[in-house]
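What follows is calculated from the coordinates using simple rules that are stated; it is not laboratory data. No experiment lies behind these values; they were computed from the predicted model shown. All Cβ positions, glycine included, derive from the backbone under ideal geometry; neighbour counts span all protein chains shown.
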Amino acid sequence: MAPSSRSGSDSAPMERHKALHVYAGPPRGFDSPLGPGFGALLEQRQADTREVDHMRDKEGGSHNVLNDDVLAELCRKCSEGSYMGALLGTPCDSFCCARWKPLPGGKKGPKPLRNRNHIMGLPGLAERDRKQVEKHNEITWRTCKISLMEYKAGGEFCIENPVDRGDEQLEQEMKRRTTREGGVELAFNALHSSLWQMPCVQQLQQLTGARKLHLPQCALGGKRQKWTTLLCSPRLYSVLYNSLGELRCECLVPHEDNKIGLIEGTNDFHTTASAAYPFRLNEILAEGFVRCHTDKGFKLMPRLDVATSCTSARATALVVALLLPA
Ligand SMILES: [Zn+2]
């Protein structure tokens, strides 16, 4: 299936210059201690972002993608070409490889809900667990639906989730791209089932020719290694590959935040606290979406003076270049 042809023109509606960010998390401006989020960095590039996350319901309207009306409205906007692309940070709780880690002292905690042989959910789960699996199956399907609608209208999509720990070839690649000192966090687990085995995700990949990028977040300033996979529409993949495709963990000391499993005394995973992307990943994603959009002929206003508001290495280099005598 090829995306419908779409290119910019003088009559292109301004609404084109907007991205969709689903499961966006809390707002992150330039004053955030974590650094700016995807939306703030797109705004800096003269594009808007529609951020959707159920935790934002108090902002008005519903942000719950599990609500059929919300999903229908999002898909309609995607189909109408309202967005340059969609970034989807789909919740990974039910796929989380930390569920496989034995708890200290034989304590009870979240257990695997799926495995490679039972990707849609293990047989015999307690009702509460079964409901959680079914909810996440539905969330994954809705993620794919939004992505496909966006792609069919000529836009880009990127789905983010942790890497598949049951892919032996990928494990070798991660080892190749990791220094001995950093080590690959969490071992290969032949039974681990990730979002990437879900039939709807694999079907989306086949229908669109989407491709995966695998990266350690520490290479972009993250405190954890947190190997992450991005499934990208083909054009976005080619734009992002140079920046993200071969990133290495070159850490010479253990990662600052390397705890796996449950936070003592809670039912929360250590990894949940690092769900926010490092600022540099947001910057590369924002740049990638804008680049795809302008490559299609859409014109954005000139960028703001990045040197005054952006602290990235690239912006710093720009400041230095401006200050150097000619
Ligand atoms: Zn590292």
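For the cross-link pairs Lys77/Lys212; Lys101/Lys175; Lys18/Lys131; Lys135/Lys226, the ones whose C-alpha atoms lie over 29 Å apart are Lys18/Lys131. Counting other Cβ atoms within 10 Å as a rough exposure proxy, the listed residues His214, His54, His293 run His54, His214, His293 from fewest neighbours to most. By DSSP, the beta bridges lying fully in segment 14-301 are antiparallel in about 50 percent of cases.
If packing is taken as the average number of other Cβ atoms within 10 Å across a peptide's residues, how do 33-45, 150-162 rank, most packed first?
Numbers: 33-45: 20.8, 150-162: 23.8.
By packing density, highest mean first, the sequence is 150-162, 33-45.
Report the gain in length on full extension from Asp57 to Ser238: 0.36 nm times residue separation, minus Cα-Cα distance, nm rounded to one decimal.
Numbers: separation 181, 0.36 × 181 = 65.16 nm, distance 3.50 nm.
Value of the extension gain: 61.7 nm.
Only alpha carbons enter this Debye calculation for segment 23-90, each as an equal point scatterer, and the log10 of I(q)/I(0) it gives at q = 0.16 Å⁻¹ is -0.60. Sorted fewest first by neighbouring Cβ atoms within 10 angstrom, Leu66, Leu281 come out as Leu66, Leu281.
Quick one: Debye curve from the alpha-carbon atoms of segment 14-301 only, equal weights, vacuum; give me log10 I(q)/I(0) at q = 0.06, 0.09, 0.10 Å⁻¹ to two decimals. Taken in order of the listed q values, log10 I(q)/I(0) reads -0.18, -0.42, -0.52. When each of Ser62, Ser94 is scored by the number of other beta-carbon atoms lying within 10 Å, the sequence from fewest to most is Ser62, Ser94.
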